[in-house]
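This report refers to the structure that appears directly beneath it.
What follows draws every value from the coordinates through simple rules; no lab data is involved. This one's a predicted model, so the numbers in the text were calculated from it and none came from an experiment. Neighbour counts are summed over all protein chains in view; Cβ atoms, including those assigned to glycine, are modelled from backbone coordinates with ideal geometry.
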Amino acid sequence: MKHYKLKVNIENFNDKEITCLVENNLEIARILYSQQTQEIFFQEDNILAETIRNYQFQFVKILRSAAKGVLCPGQVINCVLIENFNFLNEVDYNKYIRIDTRNNKLEIKSYENSMTGCYRLFTDGSYAIEQGYSGYGGIIENTEGEQEVFCQSFKKGASNLMELMAVIEGLQHLSAVAKIQINTDSRFVIRGMAQWVHFWKLNNWQTAYGSQVKYTQHWKQLDRLFQNKLVELKWIKGHSGHTEQDFCHRLARKSAKI
C-alpha cells in the first residue's frame with residue numbers, strides 16, 4: 001500500500017484560513033488552506049507540494065477534521081496519505097460496506113444490497129456504570145441459517161470496548177471462513193474498520209495528534225481477523241425491532257448484569 005507520512009506544523013489558525021508548514025524526511029512545503037473555499041495554496045513548488053496536490057482530497061479532509069477540534073499555533077499533526085484510498089461519505093454508513101483484503105489488496109466499497117452466501121455475525125456490547133460490570137453478546141449464523149449464541153461478562157470495562165470484543169470473539173469462531181457479514185449498532189466499530197485503522201497502522205498506532213490510539217491491542221487483533229477475507233459491515237439502529245440485534249442487546253445487558 002503506497003503511502004506518505006507527513007508532519008503538519010500549524011503556524012496560524014482562524015475561522016477563514018489555516019497556514020501550516022508541511023514536512024517529510026526530505027522537503028518542506030508552506031501551505032495556506034482556505035476554510036471558506038477549501039482550496040490549498042502553495043508557497044513552494046517541489047516534489048512534496050506536488051504529492052499533496054495529488055492527494056489534495058485526503059489532505060483537505062485532515063485539515064477540516066483538525067479544525068473541528070482544539071487547534072492552535074504551534075500544534076503538530078502527524079498524518080498519512082494513502083494511494084487510492086476510498087473515503088466513505090456519511091450516506092455510505094447506512095449501506096452495506098464491504099472490505100476486501102483477499103489476495104493482498106484493500107478494497108472498500110458500499111453497496112445498496114447485502115451480499116449472499118455468507119456467514120452472518122450479530123453483536124452488541126453493554127456497560128453498567130452503577131454495577132461496574134460490562135458484557136457482550138452475539139449470534140453466529142451459518143449459510144444454512146443455523147445459529148450459535150455467545151456472550152461474556154467482565155468486571156469494569158466500557159461500552160465501545162465491549163462492542164470491539166464482541167466482534168473479535170465472533171470472528172475468532174469464524175477464522176476459517178472467508179466471507180462474513182457483521183451486523184452491529186456500533187458506528188465506532190464500523191468507522192474504525194472501514195477507515196481509521198488503515199491510517200493508524202501506518203502511523204505507528206498513533207492518532208494525528210501523537211497520542212496512542214485507544215484500545216490499540218483490540219484494534220490490532222480485529223485488523224488481523226479481517227485479513228484475507230471479504231467482510232461486509234452493516235449498521236443496524238439500536239432498538240429498531242431487528243430480531244437478532246435486539247436479542248444481542250438483551251444478552252449484552254444481561255451479561256453486564258443490568
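Dividing the helix sum by the residues of the chain, where each DSSP H run of 4 or more adds -39500 (n - 2.57), gives a mean residue ellipticity at 222 nm of -8000 deg cm²/dmol.
Each peptide in 239-245, 179-185, 115-121 gets a packing score, the mean of other Cβ atoms within 10 Å over its residues, and the list from highest to lowest is 179-185, 115-121, 239-245. Across the alpha-carbon atoms of the chain, the computed radius of gyration and Dmax are 20.7, 62 angstrom. Only aspartates and glutamates eight or more places from residue 257 in sequence, or on another chain, were considered; those with a Cα closer than 17 Å are 124, 130, 163, 246.
In the structure shown, the pairs 109/201; 5/229; 16/109 are assessed against 30 Å; a Cα-Cα span above that value is assigned to 16/109.
How much net charge surrounds residue 245 when only other residues with a Cβ under 9 Å from its Cβ are counted (Lys, Arg +1; Asp, Glu -1)? My count for the surroundings of residue 245 gives -3.
Using θ = phi - 60° in the Karplus curve 6.51 cos²θ - 1.76 cosθ + 1.60, the 3J(HN,Hα) couplings for the stretch 239-251 round to 6, 9, x, 6, 4, 5, 5, 5, 5, 4, 5, 5, 5 Hz; x is entered for Gly and Pro. Rounded to the nearest 10 degrees, the inclination of helix 159-173 to the longest alpha-carbon principal axis of the chain is 70 degrees. What does the charge add up to near residue 111, with Lys and Arg as +1, Asp and Glu as -1, over the other residues with Cβ less than 9 Å from its Cβ? Charge balance in the 9 Å sphere: +1.
Put the Cα centre of the stretch 1-31 next to the Cα centre of the stretch 47-126 and the gap is 20 Å.
Taking label positions 7 Å along the Cα-Cβ direction at both residue 205 and residue 128, the computed distance is 3.1 nm, reported to one decimal. Of the trypsin sites (Lys or Arg not before Pro) in the stretch 196-258, the ones in a loop by DSSP (not H, G, I, E or B) with at most 16 other beta carbons within 10 Å are 214, 237, 257. Here each label is just a point 7 Å from Cα along the line to Cβ, and for residue 216 and residue 43 those points are 3.4 nm apart. Starting from the Cα of residue 237, draw a straight line to each of the lysines and keep only those under 17 Å, dropping any in the same chain fewer than 8 residues away. Partners within reach: 95. With neighbours defined as other Cβ atoms within 10 Å of a residue's Cβ, the residues 205, 219 order from fewest to most as 205, 219.
Only the Cβ atoms of Lys and Arg (+1) and of Asp and Glu (-1) were treated as charged; on that basis the dipole of the stretch 90-255 about its Cα centre amounts to roughly 520 debye. Measuring r between the beta carbons of residue 250 and residue 70 and using R0 = 45 Å, the FRET efficiency lands at 0.70. Between 0 and 90 degrees, the angle of helix 216-226 with respect to the longest Cα principal axis of the chain falls at about 70 degrees.
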